[in-house]
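Below is one structure, written out as structure tokens; the observations come after it.
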Amino acid sequence: MLKPFPVLVWKKAYDGSEKSIQEIEAKRSTEQHTLFEVGEHSGEFIMWAEAKSNIVKALPDSGYVFDVEVSNNGGRKYFNNLVLQPQRELPYEPNRINPLTGANTGGTITPTLLNGIVGDKSGQPLSSSDVTILFNKVGEGNSISFKFLDTLLKPIDPAKFKLTNWTKLVHGFNMKMSTTAVKYDAAYPIPLVTIPTPYTNANGTRARVAFAYDRIGFGGFRVEANLGLDFAIFEKGDWEVIFWFNKDNPRFTND
């Protein structure tokens, strides 16, 4: 725990207005730090993201015992036998991974938001349990892709979600849309920091994506359909976020 490691440190504030990965990376640099440290003037306990479980002891290990000395002009005080018990790192959230063992606990990940979508065969509203979300890392680059699959695992054209604000979907760049996916260059982690931006939930803890389309439904009324997810990806890479309609395909055509 006393050995220095290279860690990424923000030197200028990130606010979500950056126009390129290069602009983002110019705001942070690599410095040498111990993986766990106490801020010299703030007293803040800091565990850097680079503290992976292949380096530090993670639960269920008993962890580390340490003492802290606090001092100012008025004197000093000691806090003894504090315990640090890190959990295993998680590549993304939401997930079904046990942070103590790293094993998959089973179950599925479902959307944060789903309304107005009806099944193409049944004509009945779909629920969140009818959509399974998968996170798939396919490379070691800096990108994020979104894909939609029908019940037979065949691609659904993202363009069918025609009301989606693709330019503001994520804080990504160089968007490329095909008939099978939409892809962005992106800096990691996502979100980069815990502050509210146009790309996050209200408190900035998760990125928020929203896909939408409209159609004419029963009785000739316009129906707007929405599909959304709040998520985070902590591990750098080329990631795919896949929405699989596991029960019935969404109806895009008018009634």
If you go through the range 95-115, how many residues are open to solvent by less than 70 Å² (accessible area, probe 1.4 Å) and touching a Phe, Trp or Tyr at 6+ places or on another chain (Cβ under 9 Å)? 3
Number of positions in the range 194-233 that are touching a strand residue (DSSP E or B) at 6+ places or on another chain (Cβ under 7 Å) and over 21 Å from Thr110 (Cα atoms): 6
In the range 72-89, residue nearest to the chain's Cα centre (by Cα) [restricted to those that are among the hydrophobic types (A, V, I, L, M, F, W, C) and under 23 Å from Ala51 (Cα atoms)]: Leu84
Ser71 fails exactly one of the following numbered conditions: (1) assigned to a loop (DSSP other than H, G, I, E, B); (2) open to solvent by 40 Å² or more (accessible area, probe 1.4 Å); (3) out of contact with any strand residue (DSSP E or B) (no Cβ under 6 Å at 6 or more places or on another chain); (4) without any contact (Cβ under 8 Å) to a residue 60 or more places away in the chain. What is the number of that condition? (1)
Please work out which residue is surrounded by the fewest Cβ atoms within 10 Å (Cβ to Cβ), limiting yourself to the range 7-39 and to residues that are among the hydrophobic types (A, V, I, L, M, F, W, C) and assigned to a helix (DSSP H, G or I). Ile21
Does the range 90-111 hold any residues that are outside any strand (DSSP E or B), modelled with pLDDT of 90 or more and under 24 Å from Ala49 (Cβ atoms), and which are they? Leu90, Pro91, Pro94, Asn95, Arg96
Can you confirm whether Ala207 is crowded, with 18+ Cβ neighbours inside 10 Å and at pLDDT 95 or above? yes
Complete set of residues in the range 40-67 that are among the aromatic types (Phe, Trp, Tyr) and open to solvent by 80 Å² or more (accessible area, probe 1.4 Å): Phe45
Enumeration of residues in the range 218-249 that are more than 21 Å from Glu93 (Cβ to Cβ), open to solvent by 10 Å² or more (accessible area, probe 1.4 Å) and not in a loop (DSSP other than H, G, I, E, B): Phe218, Gly219, Gly220, Arg222, Val223, Glu224, Asn226
Among all residue pairs at least 6 apart or on different chains, which show Cβ distances below 6 Å where the first residue, located in the range 170-193, is polar (S, T, N, Q) and the second is open to solvent by less than 60 Å² (accessible area, probe 1.4 Å)? Asn174/Asp185; Thr179/Asp157
Return yes or no: is Ala181 at pLDDT 95 or above, open to solvent by less than 30 Å² (accessible area, probe 1.4 Å) and in contact with a strand residue (DSSP E or B) (Cβ under 6 Å, 6 or more places away or on another chain)? yes
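Residues checked against (1) in contact with a helix residue (DSSP H, G or I) (Cβ under 8 Å, 6 or more places away or on another chain); (2) open to solvent by less than 20 Å² (accessible area, probe 1.4 Å); (3) among the β-branched types (Val, Ile, Thr):
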position: Ser128; (1), (2), (3): no, no, no
position: Val138; (1), (2), (3): no, no, yes
position: Ile144; (1), (2), (3): no, yes, yes
position: Phe148; (1), (2), (3): yes, yes, no
position: Thr151; (1), (2), (3): no, no, yes
position: Lys154; (1), (2), (3): no, no, no
position: Lys160; (1), (2), (3): no, no, no
Selection count, the range 120-142, where residues are closer than 21 Å to Arg215 by Cβ and within 22 Å of the chain's Cα centre (by Cα): 3
Could you tell me which residue of the range 143-202 is farthest from the chain's Cα centre (by Cα), considering only residues that are basic (Lys, Arg) and in a strand (DSSP E or B)? Lys176
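The values are calculated or read from the model by the stated rules, or taken from the named source; none is laboratory data. Just so we're clear, the structure is a prediction, and the values are computed from it rather than from any experiment. As a convention, Cβ positions derive from the backbone with ideal geometry for all residues, glycine included, and neighbour counts pool all protein chains shown. The protein model used for the area step is the full one, side chains on, heavy atoms only, and it has no ligands, DNA or RNA in it. Shrake-Rupley method; radii C 1.70, N 1.55, O 1.52, S 1.80 Å.
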